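The values are calculated or read from the model by the stated rules, or taken from the named source; none is laboratory data. Bear in mind that the values here come from a model prediction, so they are computed numbers and not experimental data. Every residue, glycine among them, receives a Cβ derived from its backbone with ideal geometry; neighbour counts consider all protein chains shown. Only protein heavy atoms, including side chains, enter the accessible area calculation; ligands, DNA and RNA are left aside. Shrake-Rupley method; radii C 1.70, N 1.55, O 1.52, S 1.80 Å.
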Amino acid sequence: LAQGTNKHLLLSGCTVPPSAMASADDDATKTEEEKLPAGEDEPAAEKEVVAEEPATAPSSATGSSAAARGKAARVKAPPPESGGGLGMCLLWTIFISLGVFMIGVLLYVLGAPLPWGLIGLGPPKHEISSAAWEEATLGKTVFVKFFAPWCGHCKRMKPDWDKLAKEYSNSSTIMVASVDCIGAGKALCNLAGVKGFPSIKYGDPSDIKGLDDYKGQRTYKSLADFAAKLDPPCGPAQLEHCSEEQKAKIVEFTAMTIEERQALIDDKVGTIERHEAAFKEVTDGFTKQYKEASDVKNKKVKEIREPLDLLRAVQKFSADPGGSADSKTAEL
């Protein structure tokens with residue numbers, strides 16, 4: 001067993017001290033000697049060592065010296081040290097650790113889901129990464145919270161949101177989800193146009209840019225009441241959730257060719273973008289007008305305030321029984 005352990009250590013690249021190997025072999029030899037029955041001769045290899053001694057040696061001395069030489073013959077010479085074996089072990093350990101670390105960093109950058117949830121670590125089940133969004137939300141209406149880990153408001157509402165997400169964890173039509181805008185969900189937050197935390201939105205997950213903003217309170221009761229009123233998604237695979245008008249639209253769109261549907265999609269998306277651009281132009285105009293009006297107001301107020309402060313000071317001084325505005329004016 002000791003010899004096998006030493007060989008294993010040598011093969012792994014770690015140097016075993018010669019003294020430790022010799023000691024292990026001695027222990028193994030002693031164990032073998034103890035197992036020999038009393039009066040039984042030594043093994044053949046040892047007899048050959050005894051036979052090589054001169055015949056003139058006394059019989060009593062021959063037995064003891066033979067045992068010693070047999071023992072010495074069984075002690076193997078220590079193998080040459082594999083220079084730097086311990087150093088090789090450390091190098092391999094560092095190399096493998098760095099490799100695992102770099103793989104983890106790469107998966108994080110790509111937004112790939114890491115398997116920490118298998119051992120009870122990592123984000124909760126309802127927290128979705130950019131890579132898992134499409135698969136996790138397929139065929140469902142989403143009620144999603146976009147958050148940042150350092151956000152105080154996000155931390156305060158987390159217990160209520162996690163409770164609500166757990167209640168809808170087995171729903172086939174509604175999904176209550178969270179997206180970390182600093183971590184694996186950063187790309188989703190950019191697509192959704194998130195500008196503050198937390199941002200709570202709802203709607204069709206296939207059109208993340210078109211998600212509507214939730215404007216209610218962030219208490220558990222308000223969130224739960226709103227989630228209960230969400231309608232399941234309507235689509236070709238969920239006709240049971242569609243109204244008659246929606247079903248008629250689906251039939252109309254199905255009759256079109258792929259090219260015609262894509263052209264219609266592009267036209268409608270372009271129309272939305274034009275309306276958004278027009279709205280931005282108006283708000284930018286308001287902002288510019290507001291700034292100009294604010295600058296004019298500040299300038300006029302400053303022109304009036306300087307003599308006003310002096311007027312108030314004179315008025316206060318005149319009202320003082322110990323002071324005389326007329327005498328002070330004469331001094332000027």
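Under the simplified labelling scheme, the Arg261-Lys247 pair shows an inter-label distance of 1.9 nm, with each label point 7 Å from Cα along Cα→Cβ. Length gained on full extension, Lys155 to Ala278, computed as 0.36 nm times the residue gap minus the Cα-Cα distance: 40.6 nm. Inter-label distance, Ile103 to Lys288: 5.7 nm, where each label sits 7 Å from its Cα along the C-beta direction.
In terms of the mean number of neighbouring beta-carbon atoms within 10 Å, the peptides 253-259, 241-247, 201-207, 175-181 order highest first as 175-181, 201-207, 241-247, 253-259.
Return the carbon/sulfur percentage of the accessible area of the stretch 199-332, one whole number, probe 1.4 Å, all protein chains in place. Of all accessible area on the stretch 199-332, carbon and sulfur atoms account for 58 percent. Relative to the current alpha-carbon distance between Lys302 and Ser318, full extension at 0.36 nm per residue lengthens the span by 3.3 nm. Rolling a 1.4 Å probe across the protein heavy atoms gives the stretch 144-248 an accessible surface of 57 Å² per residue.
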